[in-house]
Amino acid sequence: MEQNLNEAAEIAGTQNEEQILVRITGQDRPGLTASVMAILAKYDAKILDIGQADIHSTLSLGILIRMDAMNSGQVMKELLFKATELNVNIGFSPISDDEYEDWVGHQGKNRYILMVMGRQLEAKQIEAATRVIADQGLNIDSIIRLTGRKSIKNPGKHVRACIEFSLRGEPSNRQEMQRQFLKLSSEMEIDFSFQRDDMFRRMRRLICFDMDSTLIQTECIDELAERAGVGAEVKAITESAMRGEIDFKESFTRRVSLLKGLDVSVMQDIAEHLPITEGVDRLMTILKRCGYKIAILSGGFTYFGEYLQRKYGIDYVYANELEVDENGKLTGRYVGEIVDGHRKAELLKLIAQVEKVNLAQTIAVGDGANDLPMISEAGLGIAFHAKPRVVANAKQSINTIGLDGVLYFLGFKDSYLGDQGVM
């Protein structure tokens, strides 16, 4: 009986409470939030929701409170006086129980993260992206800038821009949305990443890279072919394979055969002059600092993969081994199993098992058709400056900036990294 009376009293007490949304805007300053909270604390206000944004030292603070209706008038009066003292604007909106419960009901909806990235972002690009969001019936909960602010006086700094939209709801047509983003990407020089905002998104642990035309801006077999005097022949076969026009194993065998007789000593000179892709140094430094396991899964050659492994502290290298005769010449044959697209996907799963990493925590980055199997298998697959067929089949792509753009797809902010995105 006593328990029932206590419950009845509690229910009656809550019926005398109301919700008020407090909105504060103006010049930000230390202690502003503490001053507001001191007034709310004095009247035992419950905080149902709170959010704050700060753009160029201009504050926008929202606080949804629930409190005894008898005290609400006095609280608003004291908050108005405090706002005048702090020289900020303040407003109040009553929120009914039904409105609040309806808002609570939306918490169960799926959440997604959309990242929009490019060398720079303009209003027309943001308008196009948000139009797709609206057409798909998604609601924007928040917008965050991940990159450092661009300098006006030194425009060569911070030559990248990325913003993150937190979205709520479910796309009405996911395939059509991807098609629209792909179209905007090609027309407006921007990149998109659309990911489900789940527990794995910020818990990636293994990243696997293609090497040629991804970590380095060349195809090593083309470099070898130039030294062997068969550059044009090999390059034509390489391009056809990357477009997916011929089987990788067939193209690889044909290209390697053309290298017969080349002195193996040229490989060192090629390795020492490899053109490293923009952003690789920064990306590798941060990935290693944050404890990621890194692998090279390449249809290229182990000699060059191992050179990059020593340079960046890469954990795994799987590539193809060229056969060398007793005179230090390439035989035109290879040793062991070819690392093709199917093998790359197998290796990604194998390394994940060895490292005890859930497949949803893996990332794969590549540019060619033989990278599609691992890109499709990974929790986050990224096409990097890739061929059209690869971009069309990958859910995420980077075509506008360097390889360190991967960091933003992983949720990193320049402010976390301490370098504000300086090249």
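The values are calculated or read from the model by the stated rules, or taken from the named source; none is laboratory data. These numbers come from a predicted model, not from an experiment. In this analysis, Cβ positions are derived from the backbone assuming ideal geometry, glycine residues included, and neighbour counts consider all displayed protein chains.
Identify all residues within the stretch 8-21 that are at pLDDT 50 or above and out of contact with any helix residue (DSSP H, G or I) (no Cβ under 7 Å at 6 or more places or on another chain); write none if there are none.
T14, Q15, L21, listed by residue number.
Quickly run through the stretch 292-302 and pick out the residues that are touching a residue at least 40 places away in the same chain (Cβ under 8 Å) and of a type outside the set (A, V, I, L, M, F, W, C).
Residues satisfying the conditions are Y292, K293, S298, G299, G300.
Give me the residue from the stretch 179-205 that is under 13 Å from L407 (Cα atoms) and not small (G, A, S) and, out of that set, surrounded by the most Cβ atoms within 10 Å (Cβ to Cβ).
Among residues in the stretch 179-205 that are under 13 Å from L407 (Cα atoms) and not small (G, A, S), the one surrounded by the most Cβ atoms within 10 Å (Cβ to Cβ) is R204.
Determine which member of the set R289, R254, R282 is surrounded by fewer than 21 Cβ atoms within 10 Å (Cβ to Cβ) and touching a residue at least 40 places away in the same chain (Cβ under 8 Å).
R282 is the lone residue from the list that is surrounded by fewer than 21 Cβ atoms within 10 Å (Cβ to Cβ) and touching a residue at least 40 places away in the same chain (Cβ under 8 Å).
Can you name the strands (runs of 3 or more DSSP E) wholly within the stretch 153-222 that have at least 1 residues being under 19 Å from the mean Cα position of the chain (by Cα) and farther than 26 Å from L359 by Cα?
Here the list reads 161-168.
Every residue, every condition in (1) among the acidic types (D, E); (2) surrounded by fewer than 11 Cβ atoms within 10 Å (Cβ to Cβ); (3) within 30 Å of M199 (Cβ to Cβ); (4) in contact with a Leu (Cβ under 6 Å, 6 or more places away or on another chain), yes or no:
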position: S72; (1), (2), (3), (4): no, no, no, no
position: L79; (1), (2), (3), (4): no, no, no, no
position: I95; (1), (2), (3), (4): no, no, no, yes
position: D98; (1), (2), (3), (4): yes, yes, no, no
position: E101; (1), (2), (3), (4): yes, yes, yes, no
position: I113; (1), (2), (3), (4): no, no, yes, no
position: V116; (1), (2), (3), (4): no, no, yes, no
position: L121; (1), (2), (3), (4): no, no, yes, no
position: A129; (1), (2), (3), (4): no, no, yes, no
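Can you pull out every residue in the stretch 395-423 that is small (G, A, S), touching a helix residue (DSSP H, G or I) at 6+ places or on another chain (Cβ under 7 Å) and modelled with pLDDT under 90?
Listed by number, the list holds a single entry, G421.
Got a sec? Which of I375, I363, I382 is under 13 Å from the mean Cα position of the chain (by Cα) and over 16 Å from Y292 (Cα atoms)?
I382
Going through the stretch 118-159 one residue at a time, which ones are within 21 Å of E189 (Cβ to Cβ), at pLDDT below 90 and among the basic types (K, R)?
R149, K150, K157
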